[in-house]
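Report on one structure; see the data block that follows.
A short reminder: the numbers here are calculations on the coordinates, not readings from a lab. Remember, predicted model here, so these are calculated numbers, not experimental data. All Cβ positions, even for glycine, are placed from backbone atoms using ideal geometry, and neighbour counts span all protein chains on display.
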Amino acid sequence: MKKIEYKNKKAFFKFEFIEKYTAGIVLTGTEIKSIRDGKINFTDSYCVYKENELWVTSVHISEYSLGTCNNHDPKRDRKLLLNRRELNKLQKKVAEKGLTIVPVSLFLNEAGIAKMEIALARGKKLHDKREDIKDRDTKRDLDRTKKMK
């Protein structure tokens with residue numbers, strides 16, 4: 001079975017991660033088939049609490065091409081599955097100023113079950129983003145010089 005993993009690249013650029021968690025995600029049959037086809041986009045997604053449960057919003061999973069009238073809504077909110085202890089801990093931390101929960105990646109585990117890695121994150125300032133770009137450029141230049149030798 002090939003490894004299926006999708007990363008939220010914008011989240012790595014916009015946020016600094018404090019803690020990471022792996023959560024299950026509630027999906028329908030046509031949603032998991034679309035994920036296996038690679039039709040997922042969660043660049044602008046985020047997590048919110050509704051009635052003491054964690055939900056991920058703005059994850060776009062395209063409709064399954066062979067799905068009939070039973071196809072899913074591509075933009076619906078999806079419930080994340082975590083332990084109550086983890087949910088309470090995250091809820092307390094999100095109440096602090098400047099912290100949010102963002103999806104980092106979505107993958108299928110060995111059993112073929114979809115899991116989402118989420119992170120408690122703080123938004124980066126502009127100068128932090130510039131430093132990341134500078135570090136990435138210098139690393140790229142060093143790699144190029146190593147390859148030329």
- Note on the structure: 1/(1 + (r/R0)^6) with r = Cβ-Cβ of VAL26 and ARG130, R0 = 35 Å, i.e. FRET efficiency to nearest 0.05, evaluates to 0.35
- Treating the angle as unsigned and between 0 and 90°, give the value, to the nearest 10°, between the Cα long axis of helix 126-148 and the longest Cα principal axis of the chain. 70 degrees
- Two-site label geometry, LEU142 and LYS50: point separation in nm, points 7 Å out along Cα→Cβ: 4.6 nm
- Relative to the present Cα-Cα distance, how much length would full extension add between ARG122 and HIS60 at 0.36 nm per residue of separation? 20.0 nm
- So how far apart, in nm, are the two label points at ILE4 and THR100 if each is 7 Å from Cα heading toward Cβ? 2.8 nm
- Message: Which entries of LYS124/LYS147; LYS20/LYS125; LYS10/LYS79; LYS9/LYS134; LYS7/LYS50 have Cα-Cα distances beyond 28 Å here?
- Response: LYS124/LYS147
